[in-house]
Amino acid sequence: MSAKALIMLAAGGTGGHLFPAEALASVLTARGYDVVLATDERVLQHSTQFAPDHVFMIPSATFKSRHPLALLATGFRLASGFVTALRVIRQVRPAAVVGFGGYPTVPPVLAAWLLGVPCVLHEQNGVLGRANRFLAAKVRAIGTGFERVKGLDGILASKARFVGNPLRPAVMRAIRPFPALVGEGVFELLVTGGSQGARIMSDCVPEAVVLLPEALRRRLHIVQQARAEDVERVRAIYAASGVHAEVAAFFMDLPERLANAHLVIGRAGASTVAELAAIGRPSILVPLPHSLDNDQAANASFLAEAGAADVIKQSAFTPQWLSQRLHHYMIDIKSLTDSAQSAKKRGITDGAERFADLVLDIVGTEGRSSQ
């Protein structure tokens, strides 16, 4: 197999799927492979390391409605994506296709399977996602972000290898010791809501901060991600409370912000959990409710079991509860440092290297079997 063989990554345009793909791309490129990305239009919302001529837009859609017309439209778009993926794969002739879950993965991996191209999946979450579940029987191997993944049993378990979640280079550069917090020094609080933002954070966190004693409020420096329509409202609440806060819909340097934080409040997406563990930061996690797979609850348990995170249901995530927890953490510095150490012990920093090894094992096996 040529050292310049090409590998196609298939990842939907959300940070949870794109960031692990970027991490794997960095490792494969360093090892001498060409890498291209098959994705959907949402990739334009995110920074990506892939050159424009290495990105192929593949139409995709999610079955969100059971209305006959909606089902027909979704089916037509997926069929269009499948046809496009067939054309692209015939054009670039990849040695392997690697899928990272989500419905944008389906057309490229399905097309590759039909054309006899070896396929590998990565499951970032603690529960096998619906798209990966659909594709799992058609791939050679499945890399997992967690040691325990619900839904990976029987013959699928024999395909699975625990590799961890690949971390993009920006996260690796941000790994550093827990920032010192002495006496009444500035307390750095980071609030995120996943790549799409979370309304509950804008509704709950500012009100919780308002309930804190003034002496604690004045110690806070808050960096908060909010939906675009919530940014001004959140800023106004903090300003009226005398709190120094940076509020924006997206932070390009989020790994650096995470490394600077004494405490993180956020969702429990796989990338968030992996980055908290690798960098070693304590957190309060509010798993996304009502998801069919309940994957974020499974992800959060990875840190909660180690004493590295408070995990609370969204229905119980009230300003009163959060204000009490913030008060506790701002006063009890040892609890913060203990949680940070517990998170760090769960960190996996070589997930991208380990997953690259798995992918290249499949590429090498395919090369030997074709001789």
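The values are calculated or read from the model by the stated rules, or taken from the named source; none is laboratory data. Predicted, not measured: the structure shown is a model, and the values here were computed from it. Cβ coordinates were reconstructed from backbone atoms using ideal geometry, including for glycine residues, and neighbour counts include every protein chain displayed.
General observations
- Segment 139-184 - residue that is surrounded by fewer than 14 Cβ atoms within 10 Å (Cβ to Cβ) and charged (D, E, K, R) and, of those, farthest from PHE355 (Cα to Cα): GLU184
- Hey, GLU207 in contact with a helix residue (DSSP H, G or I) (Cβ under 6 Å, 6 or more places away or on another chain), assigned to a helix (DSSP H, G or I) and not polar (S, T, N, Q) or not: yes
- Condition check for LEU189: in contact with a helix residue (DSSP H, G or I) (Cβ under 7 Å, 6 or more places away or on another chain) and either under 30 Å from ILE142 (Cβ atoms) or aliphatic (A, V, I, L, M) (or both): no
- Whenever a residue of segment 81-100 is in contact (Cβ under 8 Å) with a residue 60 or more places away in the chain and surrounded by fewer than 21 Cβ atoms within 10 Å (Cβ to Cβ), it has no partner that is of a type in the set (Val, Ile, Thr) and part of a helix (DSSP H, G or I) lying with C-beta atoms less than 9 angstrom away and at least six residues away or across chains.
- Given (1) buried (at least 17 other Cβ atoms within 10 Å of the Cβ); (2) over 17 Å from the mean Cα position of the chain (by Cα); (3) farther than 20 Å from GLU207 by Cα, index of the condition LEU326 fails: (3)
- Top-ranked residue of segment 101-123 - restricted to ones that are surrounded by fewer than 23 Cβ atoms within 10 Å (Cβ to Cβ) and not aromatic (Phe, Trp, Tyr), ranked as nearest to SER80 (Cα to Cα): LEU110
- For GLY126, the test of being surrounded by 22 or more Cβ atoms within 10 Å (Cβ to Cβ), on the phi > 0 side of the Ramachandran plot and in contact (Cβ under 8 Å) with a residue 24 or more places away in the chain is failed.
- Test for ALA79: is it hydrophobic (A, V, I, L, M, F, W, C), farther than 21 Å from LEU156 by Cβ and at pLDDT below 95: yes
- Subset of segment 310-362 that is among the basic types (Lys, Arg) and outside any helix (DSSP H, G or I) - its residue that is nearest to ALA274 (Cα to Cα): ARG346
- Count of segment 77-106 residues which are among the hydrophobic types (A, V, I, L, M, F, W, C) and under 20 Å from ALA21 (Cα atoms): 10
- Residue check, ALA304 among the aliphatic types (A, V, I, L, M) and modelled with pLDDT under 95: no
- Restricted to segment 86-154, the set of strands (runs of 3 or more DSSP E) holding at least 1 residues that are of a type in the set (A, V, I, L, M) and closer than 23 Å to ARG42 by Cα comprises 96-99, 119-123.
- Counted as qualifying within segment 226-299 are no strands (runs of 3 or more DSSP E), as none has 2 or more residues that are buried (at least 17 other Cβ atoms within 10 Å of the Cβ) and among the acidic types (Asp, Glu).
- Residue list for segment 155-202, filter: part of a loop (DSSP other than H, G, I, E, B), farther than 30 Å from ALA316 by Cβ and of a type in the set (Val, Ile, Thr): VAL163, ILE175, VAL182
- If you go through segment 23-76 and pick out every residue that is of a type in the set (Ser, Thr, Tyr), in a helix (DSSP H, G or I) and at pLDDT 70 or above, you end up with 2.
- Contacts under 8 angstrom Cβ, first residue in segment 9-20 being within 12 Å of ARG42 (Cβ to Cβ), partner among the β-branched types (Val, Ile, Thr) and in a helix (DSSP H, G or I), 6 or more apart: ALA11/THR105; GLY12/THR105; GLY13/VAL43; HIS17/THR105; LEU18/VAL43
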